Ligand SMILES: NC(=O)c1ccc[n+]([C@@H]2O[C@H](COP(=O)([O-])OP(=O)(O)OC[C@H]3O[C@@H](n4cnc5c(N)ncnc54)[C@H](OP(=O)(O)O)[C@@H]3O)[C@@H](O)[C@H]2O)c1
């Protein structure tokens, strides 16, 4: 039987790299994409040598609206599995950054993963097999993300879209999961300029990229449309569901003032 073929975005670091390793360890061939081609080659060489799988590297910037089509057209064969993972946070709140900073962000965080899904889904449904994991965040399930209002909004959009697509795919062999990690040790917080501010967080709040990827994999295999990994994150999401919006926002305000 031909090996499954898995496309992972943002595989040059963090959760995406962990997903790539997880699927390679399960015998899948891969296409990995991100902007840093040298990092992709390094990941690819490591996976090829450890797991005897084929790994295609596609250097691309998802801020470019044509990137999803270019990536899918470059695939050596159609993707059976898509991990929409690439992402980052924008510093400086809403009003300070230039508008183009926000439109670029929304392109990478919302439009690109949806476009990639839209491009691969017809093949998946025709073959009667597909898996899509949209790496969202607990940030999309709490009232807002202080200091980065569009981050939580983009993740909330992706969660809703992912849940809707998962329903549409029911009974067609295609499972779609929104994975909602909380604080995960990756390069994310360095890139977002948050490392210093998060230094005082207790160790138990953090999870590893490998654990986040494993939870996402297990959820999509089990056909679960929403996955919040880890007890602390589950508790936070449960709390966010029951407290009134006004109180939730006030808590976020206090966090921002004292964080
Ligand atoms: N870390 C956390 O605490 C956390 C929590 C919840 C959710 N998440 C989500 O998890 C996902 C992965 O983040 P991470 O924590 O693994 O962060 P990371 O270590 O910084 O990795 C981010 C990945 O996204 C890629 N990327 C960023 N901008 C891109 C662009 N314009 N075009 C193509 N690729 C791009 C980066 O590659 P290049 O720089 O090489 O392009 C890198 O491979 C993100 O969607 C993030 O929102 C993270």
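Readers should treat all values here as calculations from the given coordinates under stated rules, not as data from a laboratory. On a predicted model such as this, the values are computed, not experimentally measured, just so you know. Every residue, glycine as well, gets a Cβ built from its backbone with ideal geometry; the counts of neighbours run over all protein chains shown.
Scaling the Cα radius of gyration of the stretch 95-135 by the globular reference 2.2 N^0.38 Å produces a ratio of 1.61. Helix 149-168 and the long axis of the chain differ in direction by around 50°, with both axes built from C-alpha atoms. Quick check: the angle from helix 37-51's long axis to the longest principal axis of the chain, C-alpha only, nearest 10 degrees? Result, in degrees: 60.
As a proxy for reagent exposure, ranking 88, 151 by other Cβ atoms within 10 Å from fewest up yields 88, 151. When the helices of the chain are scored as -39500 (n - 2.57) per DSSP H run of n ≥ 4 and the total is divided over every residue, the value at 222 nm lands at -15000 deg cm²/dmol.
Global size of the stretch 184-224: 13.1, 38 Å for Rg and Dmax (C-alpha atoms, Rg to one decimal, Dmax whole). For the stretch 1-62, the spread of Cα coordinates along the three principal axes comes to 33, 19, 18 Å, biggest extent given first.
Per residue, the average separation of C-alpha pairs within less than 8 Å and at least 6 apart gives the chain a relative contact order of 18 percent. Build a GNM of the chain with springs between Cα atoms under 10 Å apart, and of 131, 35, 96 the one that fluctuates most is 96. Dividing the alpha-carbon radius of gyration of the stretch 63-132 by the rule-of-thumb value 2.2 N^0.38 Å gives 1.32.
Listing 40, 201, 22, 226 from fewest to most neighbouring C-beta atoms within 10 Å gives 201, 226, 22, 40.
Bridge orientation summary for the chain: considering DSSP beta bridges with both residues in this region, about 0 percent are antiparallel. The angle between the Cα long axis of helix 245-258 and the main principal axis of the chain comes to about 80°, on a 0 to 90 degree scale. Largest mean-square fluctuation among 32, 81, 142, in a Gaussian network model of the chain whose springs join Cα atoms under 10 Å apart, belongs to 142.
Each listed q (0.13 Å⁻¹) maps to a log10 I(q)/I(0) for the stretch 125-259, found by the Debye formula over equal Cα scatterers with no solvent: -0.59. Highest GNM mean-square fluctuation, the chain, Cα pairs closer than 10 Å: which of 208, 177, 195? Of the options given, 195 has the highest mean-square fluctuation. Taking the Kirkwood radius as Rh and the Cα radius of gyration as Rg, the chain has a ratio of Rg/Rh equal to 0.96.
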